[in-house]
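Single-structure report; data block below.
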Amino acid sequence: MGAAVHGRHVALLVDDRPSSSPGPGRLLLGCFVGVPRTRRGRRVPGSPPDRIELYRVPILRVCRSREEVEAKVSMVLRHEIGHALGIGEERLRELGY
């Protein structure tokens, strides 16, 4: 993995690409891996933290300028935070994320 910055309960990781292909015709810019807050019970001692992964190469592929990169990273991060909070894909898209 690339650089890691840890929040209170969610690790933020930046890697070049996802470890697996999202499927034909799909470009994965980020991913939440963990248990959404709406489904959370007590954390198992020693379990890894939830994490949000951002993928540098795909993000750069869809952007044409530094400003677009900054805006895209912000949007992808807010989208994945939404998943961490238990918000579904359809609702996030309705909200513009």
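Structure above, values below:
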read-out: Backbone N under 12 Å from the THR38 label point (7 Å along Cα→Cβ), restricted to the stretch 64-97; value: 82-92
read-out: Options [x] 38, 27, 22; [y] 43, 31, 28; [z] 63, 25, 14 - which one matches Cα extents along the principal axes in Å as calculated here; value: [y]
read-out: Euclidean distance between Cα centres, the stretch 64-97 to the stretch 17-58, Å; value: 14
read-out: C-alpha long axis of helix 66-84 to longest principal axis of the chain, angle in °; value: 30
read-out: Calculated [θ] (222 nm, deg cm²/dmol) that DSSP helices of n ≥ 4 give over the chain, each run adding -39,500 (n - 2.57); value: -10000 deg cm²/dmol
read-out: Highest-MSF residue in the chain out of GLY23, GLY34, GLY86 [GNM, Cα springs under 10 Å]; value: GLY23
read-out: Within the accessible area of the chain (1.4 Å probe), percent carbon and sulfur; value: 55
read-out: Extension reserve of the GLU90-CYS63 stretch, reckoned as 0.36 nm per residue once the Cα distance is removed; value: 7.4 nm
read-out: Accessible solvent surface per residue of the chain, calculated while the other protein chains remain in place, 1.4 angstrom probe, Å²; value: 71
read-out: Percent of beta bridges antiparallel (DSSP, the chain, rounded to nearest 5); value: 55
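The values are calculated or read from the model by the stated rules, or taken from the named source; none is laboratory data. It should be emphasised that the depicted structure is a prediction, and the values quoted were computed from it without experimental measurement. Every residue, glycine as well, gets a Cβ built from its backbone with ideal geometry; the counts of neighbours run over all protein chains shown. Only protein heavy atoms, including side chains, enter the accessible area calculation; ligands, DNA and RNA are left aside. Shrake-Rupley method; radii C 1.70, N 1.55, O 1.52, S 1.80 Å.
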